[in-house]
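To keep things clear, I will list the structure first and then write my remarks on it.
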Amino acid sequence: MEDSATLAADPAMALKRAQQGKSYWRRVWERLREDKVTLAVIAVLGMLLIMVVFAPWFTIHDPYAGSVLRRLKPVGTPGHWLGTDEVGRDLWSRMLYGGRLSLLAGVAPVFLALLIGGFLGILAGYAGGLLNSAVMRLTDVLYAFPSILLAIAITGILGAGLQNTILALTISFIPPIIRISESVTTQVRHLDFVEAARASGARRLTIMRYHILSNVLGPILVYATSLISICIILAAGLSFLGLGVTPPSAEWGLMLNNLRQGIWASPLVAALPGVMIFITSMCFNLMSDGLRQAMDVRL
Amino acid sequence: MSLLKHHVTTGDGALGPLSQRDPSRSKPLLAIEHLTKHFPLQGGLFGRRRAMVQAVDDVSFVVERGETLGIVGESGCGKSTTARLLMHLIKPDRGSIAFRGQRVGVAGGLSQRELHRQMQMVFQDSYASLNPRLPVAMSIAFGPFVHGLGKTEALRRAAELLEAVGLEPALFANRYPHELSGGQRQRINVARALALEPRIVILDEAVSALDKSVEAQVLNLLADLKVRFDLTYVFISHDLNVVRYISDRVMVMYLGKVVEIGPADRVYRDPQHPYTRALLSAMPSMDPRRRTRQAPLSGDPPNPVRPPSGCRFRTRCPLAEAVCEKAAPALLALPSDGARAVACHVHVPTSGHTRAATAGAE
């Protein structure tokens with residue numbers, strides 16, 4: 001607010017800005033650049049992504065090769081700096097490879113739910129009337145189940161496995177995204193500038209494209225990023241319960257479950273996958289907060 | 001200032017819009033007949049329609065080319081609904097709108113899209129009526145753009161209009177709504193309304209949210225633009241002073257009905273409907289010797305869901321009699337002044353109202 005007030009008061013500055021003609025997203029990026037915490041968090045997530053995608057470059061051990069002689073070695077063991085798990089597999093390798101599945105199971109459902117739920121929600125919000133009622137009442141039915149319960153039920157029916165985990169989590173994240181998209185769109189649809197656009201004789205799709213989408217995509221996107229952290233935890237939770245990724249695949253939730261038995265022998269090693277889940281989901285949360293702040297032009 | 005004087009005087013002058021009485025003249029720019037809009041109030045378990053809010057009920061009037069028609073009334077009397085109905089932003093339940101004699105929205109008549117080229121609207125909330133994600137020039141250019149003008153052409157027109165509303169294009173074109181003051185934003189809204197080169201602009205409380213000095217500037221600008229672009233205004237406001245200042249004719253609404261319509265000067269000098277009289281006496285006087293001592297009206301308007309039978313004003317009217325309860329008075333031209341019309345039994349000699357005979361002699 002202060003920023004824009006001083007700009008408005010200073011014609012020279014305003015002129016400069018006007019000539020540059022910055023777009024909304026450019027301004028969001030500029031604000032994001034000022035936000036050190038968010039930048040740091042994005043850097044951490046970026047690093048994590050690189051290490052996970054290019055996992056073979058960061059480790060010499062096969063994540064699936066165990067050794068009965070080297071079971072549950074503590075952190076700092078020569079050759080296995082993060083120790084080994086209950087069947088003697090190198091924990092560092094498994095953390096890296098496990099991150100692949102954990103991140104995939106955390107991001108993919110949210111992305112898919114964003115596409116499906118966002119589409120349905122915006123449609124329902126913009127169309128209103130009967131279509132809105134139909135979509136929203138269906139959403140309410142799904143909403144009646146807590147998302148973790150819904151996910152457990154779906155994987156319980158479909159059986160364990162990565163694909164089914166992603167499917168189950170997608171289904172359980174569609175309702176909240178529909179609800180947010182619908183409410184944001186309904187709000188925007190009733191603002192005067194949409195009326196004014198209608199009054200200029202624009203067709204519905206044109207109004208959608210120029211006036212609705214630009215105002216609803218931001219908030220929906222921010223909400224979706226805040227779901228990633230929950231999704232990572234849920235995905236890990238499903239694996240932990242034996243409903244997600246199946247052994248011997250490396251996945252943080254599954255590793256947490258398998259290492260559970262060794263918690264007295266080597267507590268630090270047993271806790272490490274949990275720490276990774278915590279750090280990753282917190283980073284996504286902080287990133288979502290930062291995005292929300294950067295996108296709020298009225299601040 | 002001189003421009004504004006011009007407007008005030010035309011109300012009384014022979015050249016003013018009063019020539020509407022002359023049948024040889026061409027059709028009025030805008031003719032509204034029996035416009036009605038009832039909003040359903042939903043309630044109950046299955047969203048049954050339990051009641052109807054009679055927002056606008058059988059309203060008829062004409063707008064002449066080049067005039068400014070002021071619409072006044074308490075909040076909730078149907079002013080804004082009328083505006084939205086005129087713009088076809090909401091569908092009327094009944095009634096017709098004709099532009100230059102062509103009915104809107106019927107086969108062979110004017111399409112809504114064509115109507116929108118001829119009629120535009122400025123909203124009250126200057127912030128909500130601009131897209132916060134678009135630079136203001138784009139908001140102005142949007143109308144011409146959807147009507148087929150190229151992007152660069154549309155933006156060039158936006159720049160011209162910015163100039164016309166007194167905002168330097170180089171400074172303001174790429175600003176976002178939140179970087180402007182309320183007055184500047186309302187100028188943008190005016191520019192946007194003019195972008196399609198309409199004949200009529202509906203100003204729905206367009207200056208009500210501005211502070212007084214800015215309001216005056218915007219009013220002057222509106223008067224200026226009216227002459228420059230040969231515009232016709234429908235000016236909706238609850239501010240009686242502003243309406244008198246800008247309007248040639250004024251229309252008074254009460255609970256979705258027109259109670260009085262006529263040249264602004266004469267209506268303000270000598271109101272004929274008891275409601276108009278009460279409304280005008282509620283205006284603070286600049287003369288301390290003529291200050292209002294009694295509250296002219298008490299209470300709130302009745303519930304528009306269940307308006308009173310007969311005349312809608314009778315529950316608050318000092319002249320109400322039995323006949324007012326039975327029959328709703330029609331909006332009829334005054335015998336003494338054909339340019340004015342009033343909906344009150346007192347002015348109909350045959351109505352059976354005890355004051356009806358004497359009122360004619362007044």
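For the reader, a short list of remarks on this structure follows.
- Note on the protein assembly as shown: antiparallel DSSP beta bridges, both residues inside, total approximately 60 percent of the bridges counted.
- Distance between the 7 Å Cα→Cβ label points at B:ALA330 and A:THR206: 4.3 nm.
- Rounded if a/c under 1.5, otherwise prolate or oblate - region B:71-228, Cα gyration tensor axes: oblate
- Equivalent ellipsoid of the protein assembly as shown: semi-axes from √(5λ) of the C-alpha gyration tensor, largest first, are 67, 29, 20 Å.
- Neighbour-limited loop hits for chymotrypsin sites (Phe, Trp or Tyr not before Pro), region B:235-342 (at most 12 other Cβ within 10 Å; DSSP other than H, G, I, E, B): none
- Of B:SER298, B:GLY352, B:PHE123, farthest towards positive along the dipole that unit charges on Lys, Arg, Asp, Glu beta carbons give chain B: B:GLY352
- Pairwise centroid distance, computed over Cα atoms, of region B:296-362 with region B:247-272, Å: 14
- Around the Cα centre of chain A, unit charges on the Cβ atoms of Lys, Arg, Asp and Glu (plus for the first two, minus for the last two) sum to a dipole of about 440 debye.
- Gyration tensor (alpha-carbon) shape descriptor, region B:309-362, a/c threshold 1.5: prolate
- Residue-averaged [θ]222 nm for chain A, counting only DSSP H segments that reach four residues, each worth -39500 (n - 2.57): -24500 deg cm²/dmol
- Cβ charges +1 (Lys, Arg) and -1 (Asp, Glu), total dipole of region B:309-362, debye: 180
- Between B:VAL243, B:VAL165, B:SER96, the Cα set farthest toward the positive side of the dipole of the protein assembly as shown (charges on each charged residue's Cβ, about the Cα centre) is that of B:SER96.
- When the charge dipole of the protein assembly as shown is built from unit charges on Cβ atoms (+1 for Lys and Arg, -1 for Asp and Glu) and taken about the Cα centre, the candidate among B:ALA107, A:HIS211, B:PRO132 whose Cα reaches farthest toward its positive end is B:ALA107.
- Global form of chain A, assessed from the alpha-carbon gyration tensor, a/c cut-off 1.5: oblate
- For chain B, adding -39500 (n - 2.57) for each run of n ≥ 4 DSSP H residues and dividing by the number of residues yields -9000 deg cm²/dmol at 222 nm.
- With both labels modelled 7 Å from their Cα along Cα-to-Cβ, the B:GLN42 to A:PHE111 distance reads 3.8 nm.
- C-alpha center-to-center spacing [region A:233-248, region A:83-137] in angstrom: 14
- Efficiency of FRET between B:VAL106 and A:VAL275 - r from beta-carbon atoms, R0 45 angstrom, step 0.05: 0.05
- Only helices reaching 27 angstrom along their own axis (Cα) with mean Kyte-Doolittle hydropathy no lower than 0.5 count here, and for the DSSP H runs of chain A these are A:91-127, A:162-189, A:213-240, A:267-295.
- Förster radius 60 Å - calculated FRET efficiency between A:ALA40 and B:ASP230, Cβ distance, rounded to 0.05: 0.50
- Net charge dipole, region A:68-173: roughly 340 debye, given to the nearest 20, about the Cα centre with Cβ charges of +1 for Lys and Arg and -1 for Asp and Glu.
- Count of Lys pairs (Cα-Cα under 12 Å; at least 8 positions apart or interchain) in the protein assembly as shown: 4
Bear in mind these aren't lab numbers, they're just calculated from the coordinates by the rules spelled out. Nothing here was measured: the structure is a model prediction, and the numbers come from that model. Using ideal geometry, Cβ is built from the backbone for each residue, glycine included, and neighbour counts are taken over all protein chains shown.
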